[in-house]
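Asker: After the structure tokens below, expect a handful of questions from me.
The values are calculated or read from the model by the stated rules, or taken from the named source; none is laboratory data. Model, not experiment: these values are computed from the prediction. Note that each Cβ is placed from the backbone with ideal geometry, even for glycine, and that neighbours are counted across all protein chains shown. Heads up: the accessible areas ignore ligands, DNA and RNA and are worked out on the full protein's heavy atoms, side chains in. Shrake-Rupley method; radii C 1.70, N 1.55, O 1.52, S 1.80 Å.
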Amino acid sequence: MRGLTGKVALVAGAAPGNIGGATAIRLAEEGMLVVAADLHQAAAQTVVDEITAAGGTAVARSFDITDGQSYRELINFTADRFGGLHGLFNVAADLSPQNVGRDTDVMSVPEDVWQHTIDVTLTGYMRGIHDALPIMIKQGAGSIVNTMSSAVWMGESDHVAYQAAKSGLIGLTRHTATVGGKHGVRTNLVSPGVILTGAALKTTTAEFREQILASVRSPRLGRPEDLAAMVAFLFSDDAAYINGQSLLVDGGANFT
């Protein structure tokens, strides 16, 4: 893709086997200088080791997306290490059983689950944008991509906090697209459907995956690499006139 070689990308939520890890690898393959960040340093380092073994350039960092100072230090580290910041991919989420496993409906969701989910997936993304956008505006160019979910369009009977947080990203993204757009900074959303991440493969049955596949217009379910390709496109010069959009990457699911 055009315009990626030598540019700097930060993937906030990069662990092996997930969308963020696959995206960090794809961006490095496209010639970008990548900071792969995750709550767990070892997870990010696994991704970086794969990138460097293939001849790419990447650095691993740990950060806590619920801590504004932690995210600010990550942004500053990226800009200082590589001399700029051209692409920010917000993909971090807490999908642990302790959190999403207790994310029920609006009548019974524990308040701590609600607040933590908002802190990670909405406020956390805002924190990264808050500190990345001025750098990109000063450069006169940049691309921010936030990760939503097809659950927003489905109206599931549970996971109310997750759906609410992801829905809020629509407003955040379009606002940021307006603020940054005239300065050459684009902001878009990717909305994955059912993606066979490492965690999904471990926690779903083959029968469940077949049921989901029956509702998808494509011949297979999604892979992390499918989202990685879309993010690479949105970071590239080929997407120069795409701004403020919500792009479904779900294989044409019938339920979106």
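Asker: Accessible area per residue for the chain in Å², computed with a 1.4 Å probe and the full protein assembly in place, what is it?
Answerer: Details: 11530 Å² over 256 residues.
For the chain, the per-residue accessible area is 45 Å².
Asker: Over the heavy atoms of H175, what accessible area does a 1.4 Å probe trace out, to the nearest 10 Å²?
Answerer: About 110 Å², ignoring ligands and nucleic acids.
Asker: Taking 7 Å along the Cα-to-C-beta vector as the label spot, tell me the D237-E156 distance in nanometres, rounded to one decimal.
Answerer: Using points 7 Å along Cα→Cβ, the separation is 4.0 nm.
Asker: Any idea which of M230, Y241, S215 is furthest toward the positive side of the dipole for the range 188-256, if Lys and Arg beta-carbons carry +1 and Asp and Glu beta-carbons -1?
Answerer: After comparing all options, I get S215.
Asker: If DNA, RNA and ligands are ignored and the probe is 1.4 Å, what is the ranking of K166, K7 by accessible area, most exposed first? Before the final figure, lay out the partial values.
Answerer: Details: K166 5, K7 70 Å².
In descending accessible area the options line up as K7, K166.
Asker: Continuing with the same structure: If you find the alpha carbon centre of the range 1-66 and of the range 92-160, how far apart are they in angstrom?
Answerer: 20 Å
Asker: What three numbers, in Å, describe the spread of the alpha carbons of the range 135-256 along their principal axes, ordered from the longest?
Answerer: 51, 29, 24
Asker: So for the pair R209, T57, with labels modelled 7 Å out along Cα→Cβ, what separation do we get in nm?
Answerer: So the two model labels end up 3.7 nm from each other.
Asker: If I model a spin label at H40 and R217 as a point 7 Å from the Cα along the Cα→Cβ vector, what separation in nanometres do I get?
Answerer: Between H40 and R217, the label points sit 3.7 nm apart.
Asker: Would you check the accessible area of M126, probe 1.4 Å, heavy atoms only, in square angstrom rounded to 10?
Answerer: The accessible area of M126 comes to roughly 80 Å².
Asker: What does the charge count around M136 come to, taking other residues whose C-beta lies under 14 Å from its C-beta (Lys +1, Arg +1, Asp -1, Glu -1)? Mind showing how you got there, number by number?
Answerer: Details: positive: K7, K138, K182, R186; negative: D131.
After counting each charged neighbour, the total is +3.
Asker: Here's a follow-up. Per-residue accessible area for L169 at 1.4 Å probe radius, Å² rounded to 10?
Answerer: 0 Å²
Asker: Continuing with this model, one more query. Give the relative contact order (percent, whole number) for the range 198-256; include only Cα pairs under 8 Å separated by 6+ residues.
Answerer: Details: 29 pairs, mean separation 26.8, N = 59.
Answer for the range 198-256 is 45 percent.
Asker: Return, for the Cα atoms of the range 1-52, the radius of gyration and Dmax in Å, separated by a comma.
Answerer: 10.1, 32
Asker: Given a 1.4 Å probe and heavy atoms of the protein chains only, how would you sort M230, M136, largest accessible area at the top?
Answerer: Working: M230 45, M136 0 Å².
My answer, sorted largest first, is M230, M136.
Asker: Additional query: Would you work out the relative contact order for the chain, in percent, from Cα pairs under 8 angstrom that are 6 or more residues apart? Can you show the working numbers first?
Answerer: Details: 531 pairs, mean separation 54.6, N = 256.
It comes to 21 percent, rounded to a whole number.
Asker: Any idea what the dipole of the chain comes to, in debye rounded to 20, about its Cα centre with Lys/Arg Cβ at +1 and Asp/Glu Cβ at -1? Working shown, then result.
Answerer: Values: 18 positive and 25 negative charges, 159 e Å.
Computed charge dipole of the chain: roughly 760 debye.
Asker: Let me ask something additional. Sort largest first and round to whole Å: the equivalent ellipsoid semi-axes of the range 161-218, each the square root of five times a Cα gyration tensor eigenvalue. All intermediate terms of the calculation are to be shown ahead of the outcome.
Answerer: Values: eigenvalues 220, 32, 22 Å².
Listed largest to smallest, the semi-axes of the range 161-218 are 33, 13, 10 Å.
Asker: Run the accessible area of the chain with a 1.4 Å probe and give the carbon-and-sulfur part as a rounded percent. Working shown, then result.
Answerer: Values: 6250 of 11530 Å².
About 54 percent, which is the carbon plus sulfur part of the accessible surface.
Asker: Still on this structure, I have one more. Where the convex hull is taken over the Cα atoms of the chain, what is its projected area averaged over directions, in nm²? Spell out each step's value before the answer.
Answerer: Working: hull surface 51.4 nm².
Average projection, Cα convex hull of the chain: 12.9 nm².
Asker: Quote the relative contact order of the range 102-216 in percent (integer), defining contacts as alpha-carbon pairs under 8 Å separated by 6+ residues.
Answerer: Details: 124 pairs, mean separation 35.3, N = 115.
About 31 percent, as a whole number.
Asker: What FRET efficiency, computed as 1/(1 + (r/R0)^6) with R0 = 45 Å and r the Cβ-Cβ distance, is obtained for D80 and S108, rounded to the nearest 0.05?
Answerer: Values: r = 46 Å, r/R0 = 1.02.
For D80 and S108, the calculated efficiency is 0.50.
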